[in-house]
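Written out below as structure tokens is the structure these notes cover.
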Amino acid sequence: MCSSDLKFTTNDEQTSFMLKAIKNRGIMFVDGGYTPLSLAPRIAFKEKVTWAAVEIDLDRKLESSEIDLRLAEFEKLATSRSLAIGRISNSPISLAHLSAWIKTLPDKGIELVPVSALANKQLIR
């Protein structure tokens, strides 16, 4: 991801244009959460575009202890808010930790759902 990609969703005009095009195509926009300054959720809400936003990057560092720590943070976030959206890569280490973590969720009363099930349900920051 280059710095111009990160700046794209911080530009009101560009973001508005993109979201209107997405709305016209009847598809959902998921803000990747790459920049905390993203205007996309606010503009999507205003333009009535179906949207969601990633709140936590689960494997920012591809280290076992870091991934487990981020999964624990994600779990706390989901429990405290009743919903959370995370992003994880398809690296073997990430998927191994994710797979093990998923097996613990039924006992915790946590359910994984597709991101589309959380569309338009997050608070706008």
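Have a look at Glu75, Glu63 and point out the one that is open to solvent by 60 Å² or more (accessible area, probe 1.4 Å), within 22 Å of Ala100 (Cβ to Cβ) and of a type outside the set (S, T, N, Q).
Details: Glu75 fails: open to solvent by 60 Å² or more (accessible area, probe 1.4 Å).
Within the list Glu75, Glu63, the selection yields Glu63.
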- Consider only pairs whose beta carbons are under 9 Å apart and that are at least six residues apart or on different chains; among these, list those whose first residue lies in the stretch 10-29 and is β-branched (Val, Ile, Thr) and whose second residue is loosely packed, with under 11 Cβ neighbours inside 10 Å. Thr10/Leu37
- Task: Given the conditions (1) out of contact with any Asp or Glu (no Cβ under 9 Å at 6 or more places or on another chain); (2) part of a loop (DSSP other than H, G, I, E, B); (3) aromatic (Phe, Trp, Tyr), report the number of the one that Tyr34 does not fulfil.
- Result: (1)
- Task: Within the stretch 79-124, work out how many residues are within 14 Å of Leu58 (Cα to Cα) and either within 16 Å of the chain's Cα centre (by Cα) or in contact (Cβ under 8 Å) with a residue 24 or more places away in the chain (or both).
- Result: 13
- Query: Among (1) assigned to a helix (DSSP H, G or I); (2) touching a residue at least 60 places away in the same chain (Cβ under 8 Å), which single condition is Ile43 missing?
  - Reply: (2)
- Somewhere in the stretch 61-77, is a residue touching a residue at least 24 places away in the same chain (Cβ under 8 Å), closer than 24 Å to Gly26 by Cα and not in a helix (DSSP H, G or I)? no
- In this structure, is Ala40 open to solvent by less than 90 Å² (accessible area, probe 1.4 Å) and modelled with pLDDT of 95 or more? no
- Query: Since Lys48 meets every condition but one in (1) on the phi > 0 side of the Ramachandran plot; (2) in contact with a Leu (Cβ under 8 Å, 6 or more places away or on another chain), which condition does it not meet?
  - Reply: (2)
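The values are calculated or read from the model by the stated rules, or taken from the named source; none is laboratory data. Keep in mind that this is a model prediction, so the values were computed, not measured. For neighbour counting, all protein chains shown are included, and Cβ atoms are generated from backbone atoms with ideal geometry for every residue, glycine included. All accessible areas refer to the heavy atoms of the entire protein, side chains included, with ligands and DNA or RNA removed. Shrake-Rupley method; radii C 1.70, N 1.55, O 1.52, S 1.80 Å.
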